[in-house]
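Asker: Just passing along the structure, written as structure tokens.
Please treat every number below as a calculation from the coordinates, not as lab data. Predicted model only: the values in this text are computed from it and were never measured. Don't worry about glycine lacking a Cβ; one is built from the backbone with ideal geometry, like all the others, and counts go over all protein chains shown.
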Amino acid sequence: MKNIIIFGAPGSGKGTYSDDIVARYDMGHISTGDVLRSEIKNGTELGKIAQGYIDNGQLIPDELMIDILAKTYDALPAGKGVIFDGFPRTITQAEALKKMLADRKHDMGVMLELIVDEETLLARLLNRAKEQGRADDNEETIKKRFEVYHKQTAPLSKWFEQEGIRNAFTWKGSKETMLGEIFAFLDTQK
Ligand code: AP5
Ligand code: MG
């Protein structure tokens, strides 16, 4: 499978659908949020820096994130295709991703944008707070994450449109329907 960038607001299902896509097409998966949470858990220097940003719902600085992304990408087995989940989140990150892949003679592949109404997003994240206790899933931090998404990340949608690789999927109340639409599209991209 070619590379996939999965894009959307907090709680839109980037991680959930990535798992389903990986299971169907056997590819690599980079969730920058998971990478950072694992650094925090292991008490690394990077984890210590990341924690303050994550707890406040803010983005980790671009230079740091771009460096982590390249290292994580290069550590994956080559040739299978990778899903980028949670990266890029700024125009600077998007340009850096495009360049990093071009330097390796790879390309961005396709972008999947998950469009979900905010009421559903909030309900999902508050439910996950109860089930998994993720530190940034409290109402105050969720609101900040939504704000950061609207200000810094959502404008990237247009950037992908201009790159000619944006494909939008809108939540209509059923996971099976959403996943069916995503798979039907990806089956044409192999
Ligand atoms: P990150 O971990 O990427 O969090 P996020 O963008 O806020 O998104 P989530 O992981 O909360 O949601 P998701 O879209 O993956 O949805 P999920 O599938 O889990 O980033 C966390 C932080 O790290 C950022 O705030 C930032 O500080 C930092 N960071 C990360 N990347 C960065 C970058 N590139 N640059 C700078 N900083 C960065 O679904 C949510 C829940 O809904 C799940 O519990 C799921 O089971 C449930 N659910 C229920 N029904 C459905 C359904 N039908 N479809 C999908 N999910 C459903
Ligand atoms: Mg996620």
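Asker: For the subset of the stretch 154-190 comprising residues that are of a type in the set (Phe, Trp, Tyr) and within 11 Å of ligand 1 (Cβ to nearest atom), which member is farthest from PHE84 (Cα to Cα)? Even if it seems obvious, please write down each step before you answer.
Answerer: Just the residues of the stretch 154-190 that are of a type in the set (Phe, Trp, Tyr), to begin with: 159-160, 169, 171, 183, 185.
Okay, now just the ones that are also within 11 Å of ligand 1 (Cβ to nearest atom), so 169, 171.
Numbers: PHE169: 17, TRP171: 20 Å.
If we take residues in the stretch 154-190 being of a type in the set (Phe, Trp, Tyr) and within 11 Å of ligand 1 (Cβ to nearest atom), then TRP171 is farthest from PHE84 (Cα to Cα).
Asker: Let me ask another. Read through the list (1) among the β-branched types (Val, Ile, Thr); (2) touching a Gly at 6+ places or on another chain (Cβ under 9 Å); (3) within 26 Å of LYS158 (Cα to Cα); (4) surrounded by fewer than 19 Cβ atoms within 10 Å (Cβ to Cβ), then give the number of the only condition that ILE6 fails.
Answerer: Going through (1) among the β-branched types (Val, Ile, Thr); (2) touching a Gly at 6+ places or on another chain (Cβ under 9 Å); (3) within 26 Å of LYS158 (Cα to Cα); (4) surrounded by fewer than 19 Cβ atoms within 10 Å (Cβ to Cβ) one by one, ILE6 breaks only (4).
Asker: Mind counting the residues in the stretch 6-36 that are part of a helix (DSSP H, G or I), more than 7 Å from ligand 1 (Cβ to nearest atom) and touching a residue at least 40 places away in the same chain (Cβ under 8 Å)?
Answerer: Within the stretch 6-36, residues that are part of a helix (DSSP H, G or I), more than 7 Å from ligand 1 (Cβ to nearest atom) and touching a residue at least 40 places away in the same chain (Cβ under 8 Å) number 6.
Asker: Got a sec? Which of LEU112, LEU126 is closer than 27 Å to ARG24 by Cα and not acidic (Asp, Glu)?
Answerer: Of the residues listed, the single one that is closer than 27 Å to ARG24 by Cα and not acidic (Asp, Glu) is LEU112.
Asker: Something else about it: Please name all residue pairs, on different chains or six or more residues apart, with Cβ atoms under 7 Å, provided the first residue is in the stretch 81-100 and is under 23 Å from LYS190 (Cβ atoms) and the second residue is among the basic types (Lys, Arg) and in a loop (DSSP other than H, G, I, E, B).
Answerer: Final answer for the pair search is GLY81/LYS2.
Asker: Do any residues in the stretch 123-150 that are touching a residue at least 60 places away in the same chain (Cβ under 8 Å) and more than 8 Å from ligand 1 (Cβ to nearest atom) have Cβ atoms under 8 Å from those of residues that are outside any helix (DSSP H, G or I) and aromatic (Phe, Trp, Tyr), where the two are at least six apart or on different chains, and which pairs are they?
Answerer: none
Asker: Would you mind finding the one in ASP55, ASP67, ASP19 that is away from ligand 2 (no atom under 15 Å from the Cβ) and more than 19 Å from ASP136 (Cβ to Cβ)? So that I can check it myself, show each step before the final result.
Answerer: Working: ASP55 fails: more than 19 Å from ASP136 (Cβ to Cβ); ASP19 fails: away from ligand 2 (no atom under 15 Å from the Cβ).
Criteria check complete, one pass: ASP67.
Asker: Taking the conditions exactly as written (within 13 Å of ligand 1 (Cβ to nearest atom) and out of contact with any Phe, Trp or Tyr (no Cβ under 6 Å at 6 or more places or on another chain)), does ALA102 satisfy them or not?
Answerer: For ALA102, the condition - within 13 Å of ligand 1 (Cβ to nearest atom) and out of contact with any Phe, Trp or Tyr (no Cβ under 6 Å at 6 or more places or on another chain) - is not met.
Asker: A follow-up question, please. Which condition number does ALA75 fail, the rest of (1) touching a residue at least 40 places away in the same chain (Cβ under 8 Å); (2) among the hydrophobic types (A, V, I, L, M, F, W, C); (3) away from ligand 2 (no atom under 13 Å from the Cβ) being met?
Answerer: (1)
Asker: Condition first: over 16 Å from the mean Cα position of the chain (by Cα), of a type outside the set (D, E, K, R), loosely packed, with under 12 Cβ neighbours inside 10 Å and within 22 Å of ILE40 (Cβ to Cβ). Can you find one or more residues in the stretch 102-114 that meet it?
Answerer: Looking through the stretch 102-114, none of the residues is over 16 Å from the mean Cα position of the chain (by Cα), of a type outside the set (D, E, K, R), loosely packed, with under 12 Cβ neighbours inside 10 Å and within 22 Å of ILE40 (Cβ to Cβ).
Asker: Please enumerate the residues belonging to the stretch 50-69 that are more than 11 Å from ligand 1 (Cβ to nearest atom) and surrounded by 15 or more Cβ atoms within 10 Å (Cβ to Cβ).
Answerer: None; the set is empty.
Asker: Based on this model, can you work out whether LYS80 counts as surrounded by fewer than 17 Cβ atoms within 10 Å (Cβ to Cβ) and in contact with a strand residue (DSSP E or B) (Cβ under 9 Å, 6 or more places away or on another chain)?
Answerer: Yes.
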